[in-house]
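Undergrad: Got a structure for you, written out below as structure tokens; questions coming shortly.
The values are calculated or read from the model by the stated rules, or taken from the named source; none is laboratory data. Nothing here was measured: the structure is a model prediction, and the numbers come from that model. Here the Cβ is made from the backbone with ideal geometry for all residues, glycine too, and neighbour counts use every protein chain on show.
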Amino acid sequence: MVKLGREDCLAAMREGDFSPGIRAAAPAVAVILTQSWCSQWGWMRGYLAALPEDEGRRVFWVEYDHEDFFEEFMAFKEERLGNREVPYVRFYRDGTLVRESNFIDERGFLRNLGAA
């Protein structure tokens, strides 16, 4: 898993979505937007950390409540991306958004990535 950097998040807010470098970092990409206190994120983070490395997929994440742009990013996520829950997951294939979800188990996560 790769933590999204400040510039990645600020660019997404400006552009309305994550950069092509993130969305197409692998054939299957998931971007997780969450807050550190979320117990469902803790559970997801556990199974994601245990996934074997796979060049066909990449997972990015940010716990935006720890960032200095928290309020602005939360407004972007809730108002522009239209999701008020955490964790919020955006699934991309070949750089194109194909699915969105909130909390999801490992099997569903891999299925949404096209990996199961």
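Undergrad: Collect the residues in the range 55-82 that are buried (at least 17 other Cβ atoms within 10 Å of the Cβ) and of a type in the set (Asp, Glu), keeping them in residue-number order.
TA: Matches in the range 55-82: Glu63, Glu67.
Undergrad: Then there is this: Within the range 20-54, can you find the residues that are farther than 17 Å from Gly108 by Cα, surrounded by fewer than 14 Cβ atoms within 10 Å (Cβ to Cβ) and either in contact with an Asp or Glu (Cβ under 6 Å, 6 or more places away or on another chain) or at pLDDT 95 or above (or both)?
TA: Residues satisfying the conditions are Pro20, Gly21, Ser36, Trp37, Ser39.
Condition check ((1) assigned to a loop (DSSP other than H, G, I, E, B); (2) touching a residue at least 24 places away in the same chain (Cβ under 8 Å)) across all residues:
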position: Phe73; (1), (2): no, yes
position: Gly82; (1), (2): yes, no
position: Phe91; (1), (2): no, yes
position: Ile104; (1), (2): yes, yes
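Undergrad: If you scan the range 10-32, which residues turn out to be in contact with a Phe, Trp or Tyr (Cβ under 6 Å, 6 or more places away or on another chain) and farther than 21 Å from Gly56 by Cα?
TA: Ala12, Met13
Undergrad: Do you know which of the residues in the range 85-103 that are buried (at least 20 other Cβ atoms within 10 Å of the Cβ) and not charged (D, E, K, R) is farthest from Pro52 (Cα to Cα)? Outline the logic, then answer.
TA: Going through the range 85-103, the residues buried (at least 20 other Cβ atoms within 10 Å of the Cβ) turn out to be 86-92.
Filter once more, so that each one left must be not charged (D, E, K, R): 86-89, 91-92.
Numbers: Val86: 24, Pro87: 22, Tyr88: 22, Val89: 20, Phe91: 18, Tyr92: 19 Å.
Result: Val86.
Undergrad: What single numbered condition from (1) closer than 21 Å to Tyr47 by Cβ; (2) at pLDDT 95 or above; (3) under 15 Å from the mean Cα position of the chain (by Cα) fails to hold for Arg107?
TA: Against the list (1) closer than 21 Å to Tyr47 by Cβ; (2) at pLDDT 95 or above; (3) under 15 Å from the mean Cα position of the chain (by Cα), Arg107 comes up short only on (3).
Undergrad: A further question follows. Looking at the range 37-48, can you tell me whether even one residue there is within 15 Å of Thr96 (Cα to Cα), in contact (Cβ under 8 Å) with a residue 60 or more places away in the chain and not in a strand (DSSP E or B)? Steps first, answer last, please.
TA: Here is the first cut: in the range 37-48, the ones within 15 Å of Thr96 (Cα to Cα) are none.
There is no residue in the range 37-48 that is within 15 Å of Thr96 (Cα to Cα), in contact (Cβ under 8 Å) with a residue 60 or more places away in the chain and not in a strand (DSSP E or B).
Undergrad: Within the range 1-27, count every residue that is without any contact (Cβ under 8 Å) to a residue 60 or more places away in the chain and outside any helix (DSSP H, G or I). Before the answer, list the steps.
TA: Narrowing the range 1-27 to residues without any contact (Cβ under 8 Å) to a residue 60 or more places away in the chain: 2-5, 7-8, 10-11, 14-15, 19, 21-22, 25-26.
Still in the running and outside any helix (DSSP H, G or I): 2-5, 19, 25-26.
Number of matching residues: 7.
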